[in-house]
Every structure is written in C-alpha cells, then in structure tokens.
Amino acid sequence: MRYLTLLLALLFSSLSPARAEDVLKGVKRILFLGDSITYAGQYVQDVDAFLAATYPDRDFVVINCGLGSETVSGLSEAGHAGGAFPRPDLHERLDRVLALAKPDLVFANYGMNCGIYQPLDEGRFKAYQDGILWLRASVAKAGARIIHLTPPIYDLGAAKSKSGFDYNDVLDHYAAWLVERGKKDGWQVVDVHSAMARALTEKRKDNAAFTWAKDKVHPDAAGHLVMARSVIETLFPDKLKGFDELFSPASQTAHKPFFQAIAQRNNLTRDSYLTEAGHKRPGVAKGPPVQEALTKIKAMDKTIRETAPKL
C-alpha cells in the first residue's frame with residue numbers, strides 16, 4: 001500500500017521529460033542527492049559553475065546533500081565500516097531534506113553502494129528499483145522534478161584480469177535499467193556511467209594504467225568533470241562548447257577566484273543543510289544553521305557574480 005500511494009502521487013504529478021531548453025524552466029532551487037561521490041562535490045561544483053557563468057541573471061541556489069556510504073535501497077552489508085555503523089538509508093532523512101531545501105529540481109545519483117559490492121542479486125536489484133521508485137514519488141509529492149544520474153563506474157583496473165568478479169558489471173545492470181526507464185517511461189536520465197566508460201577507454205589507449213579512482217570507487221577531480229560534462233551534454237547540448245571553454249586549463253587559471261568561490265559556497269551550503277536536516281552517519285563535518293550560513297553565502301555570491309567569466 002505504501003508504494004501504491006507513492007506511485008499514484010508520481011503518476012498524477014505529470015512528470016514528463018522536459019526538452020533540453022526547458023530543463024531550467026521555473027527552477028530556482030536545485031538539490032543534489034547521492035552518496036560519498038556527490039558529497040565530495042566536485043561534479044556538483046562544476047555544474048554550479050556552468051550555471052553561474054551561463055545564466056548570470058538567474059541566481060540559482062545549488063544545494064548538495066550527498067551523504068557518504070548512503071543507499072537508496074536501504075541495504076547495508078554486515079560489518080560495514082568495520083562494524084562501526086550501518087550504511088545510511090535515504091529513507092531516514094529524505095522528507096527532512098526536501099522540507100528544508102524546498103527544491104524545484106532534484107538530481108539523484110545512487111547505485112554505487114546499493115549493490116553492496118557483491119555480485120548481481122535479484123533481491124538487491126529489486127531493493128534498488130523500489131528505492132528509486134519511492135524517491136521519484138517523494139520528490140513529485142514535494143512538487144519538484146527529478147533527474148537521475150546513473151552510477152559512476154567502479155574501476156577495477158588492472159585487477160580485472162585477475163578476478164572472476166567485477167562489480168562494475170553490476171553497475172552496468174543498474175545503469176541500463178535507469179536508461180531503459182528513460183526510453184520507455186520518459187524519465188529524465190543522464191548516463192554518466194556510459195560517459196565515464198567511453199572516456200576511460202580513450203584514456204587507456206595511451207596509458208593502460210590510467211584511472212580516475214585509485215580506490216576503484218571515488219573519482220578524482222578529472223573524473224568528476226567527466227560526470228559534469230555528461231550532465232551538460234545530455235541536458236544542454238547546445239551549451240557544451242561553452243562548458244568545455246569554461247573548464248579549459250587556461251580558463252580555470254584565469255578565473256581562479258570564481259572557481260574558488262563556487263567551491264567555498266558549495267561546501268558551506270552542503271555542511272549547513274546536512275547538519276540542519278540531520279542524518280545518522282558519524283564523522284561528517286558539521287555546518288552552521290542555514291540562516292547563519294546565508295550571511296556568508298551572500299558574500300560568496302557577490303564574488304561569483306563579479307568574477308564569473310563571460311560565456
């Protein structure tokens with residue numbers, strides 16, 4: 001009954017895939033949800049920088065509420081984090097986050113942790129599917145639209161030839177399901193999983209040992225940039241040239257104060273909203289109350305407006 005109610009809310013929310021030029025129609029507040037990759041925040045910052053430079057008069061509010069170790073499936077393996085704590089479950093906090101953030105648009109990036117780093121299992125896969133359906137319905141009920149990001153790649157690298165199991169095969173399955181929902185049901189989906197796989201293949205033509213993720217899971221800044229570029233290429237294809245120019249080495253050097261202010265604003269906003277909404281994961285940096293943070297954020301907003309490059 002719980003899922004039926006949520007699915008009906010989704011059905012009557014009239015969520016349909018917007019055309020690329022309509023993605024930001026009526027959007028002011030943008031929320032990012034996900035696990036530690038989203039919490040790290042570089043791809044969120046990259047998207048925020050793109051929006052600030054491309055639409056300087058829109059004053060978007062970008063809120064990163066990613067949380068390390070989290071799943072949308074509600075699953076956790078035995079002995080996670082050495083037995084210190086189970087994986088956080090988005091179900092525990094989503095209502096509070098949505099009520100606090102009041103988003104118009106939500107980007108959700110789940111899957112990396114949802115398979116629990118084990119071989120493909122129909123029970124775990126169904127828990128992931130159910131969690132995604134619940135998330136969609138909850139976001140719709142809150143009056144927002146949602147865009148799904150497929151999980152990033154799990155990069156086993158050179159170890160792949162020595163092992164009979166590659167967790168990335170599981171993520172292939174999860175990503176393919178989201179992409180199929182986009183095709184069949186009109187979900188808005190950005191396939192960062194495939195974009196990263198293609199880019200990694202190209203990189204390894206020149207360097208077989210190349211990787212963005214030395215721990216197999218967490219991409220570095222360059223890997224995050226591939227994720228962000230996939231978002232722009234999918235949702236704003238006519239702006240892709242501007243995105244590439246914005247993140248060229250020359251631009252990042254010339255506009256260093258802009259990128260630094262974007263990062264500072266994102267990190268303060270993340271810590272503030274995570275703390276005020278509350279969660280059950282230990283070891284997360286605490287931020288000031290949102291209203292207190294807004295004073296500091298206004299100064300960062302001013303720096304961003306004054307130093308933003310012209311695209």
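In segment 28-46, which residues are open to solvent by 10 Å² or more (accessible area, probe 1.4 Å) and among the hydrophobic types (A, V, I, L, M, F, W, C)? I'd like the intermediate steps shown before the answer.
Step one: of segment 28-46, the residues open to solvent by 10 Å² or more (accessible area, probe 1.4 Å) are 28-29, 36, 39-40, 42, 45-46.
Passing the criteria: only Ala40.
Quick one: would you say Ser14 is modelled with pLDDT under 95, on the phi > 0 side of the Ramachandran plot and not in a helix (DSSP H, G or I)?
yes
Provide a single number: the residues in segment 203-215 that are closer than 19 Å to Gly111 by Cα, crowded, with 17+ Cβ neighbours inside 10 Å and not hydrophobic (A, V, I, L, M, F, W, C).
0
Any idea which of (1) under 21 Å from Val190 (Cβ atoms); (2) of a type outside the set (Val, Ile, Thr); (3) open to solvent by 10 Å² or more (accessible area, probe 1.4 Å) is the one Asp95 doesn't satisfy?
Among (1) under 21 Å from Val190 (Cβ atoms); (2) of a type outside the set (Val, Ile, Thr); (3) open to solvent by 10 Å² or more (accessible area, probe 1.4 Å), Asp95 violates only (1).
Among the listed residues Tyr167, Tyr117, Tyr154, which satisfies the condition of being crowded, with 19+ Cβ neighbours inside 10 Å, over 18 Å from the mean Cα position of the chain (by Cα), of a type outside the set (A, V, I, L, M, F, W, C) and at pLDDT 95 or above? Working first, answer last.
Working: Tyr117 fails: crowded, with 19+ Cβ neighbours inside 10 Å; Tyr154 fails: over 18 Å from the mean Cα position of the chain (by Cα).
Matching residue, one of Tyr167, Tyr117, Tyr154: Tyr167.
Which residue pairs have Cβ atoms under 8 Å apart, sit 6 or more places apart or on different chains, and have a first residue in segment 73-94 that is touching a residue at least 24 places away in the same chain (Cβ under 8 Å) and assigned to a loop (DSSP other than H, G, I, E, B) and a second that is β-branched (Val, Ile, Thr) and surrounded by fewer than 21 Cβ atoms within 10 Å (Cβ to Cβ)?
What qualifies is Leu75/Ile116; Ser76/Ile116; Glu77/Ile116.
Is it fair to say Val61 is open to solvent by less than 10 Å² (accessible area, probe 1.4 Å) and modelled with pLDDT of 95 or more? I'd like the intermediate steps shown before the answer.
Values: open to solvent by less than 10 Å² (accessible area, probe 1.4 Å): no; modelled with pLDDT of 95 or more: yes.
Here the answer is no, as Val61 does not meet what is asked.
Considering (1) under 24 Å from Leu67 (Cα atoms); (2) in contact with a strand residue (DSSP E or B) (Cβ under 7 Å, 6 or more places away or on another chain); (3) open to solvent by 40 Å² or more (accessible area, probe 1.4 Å), say which one Arg229 fails and leave the rest.
Result: Arg229 passes all but (2).
Is at least one residue of segment 289-304 surrounded by 17 or more Cβ atoms within 10 Å (Cβ to Cβ), assigned to a loop (DSSP other than H, G, I, E, B) and at pLDDT 95 or above?
no
The values are calculated or read from the model by the stated rules, or taken from the named source; none is laboratory data. Given the structure is predicted, the values throughout are model-derived calculations rather than measurements. Positions of Cβ are backbone-derived with ideal geometry, glycine not excepted, and every protein chain shown enters the neighbour counts. For accessibility, only protein heavy atoms count, side chains too; no ligands or nucleic acids. Shrake-Rupley method; radii C 1.70, N 1.55, O 1.52, S 1.80 Å.
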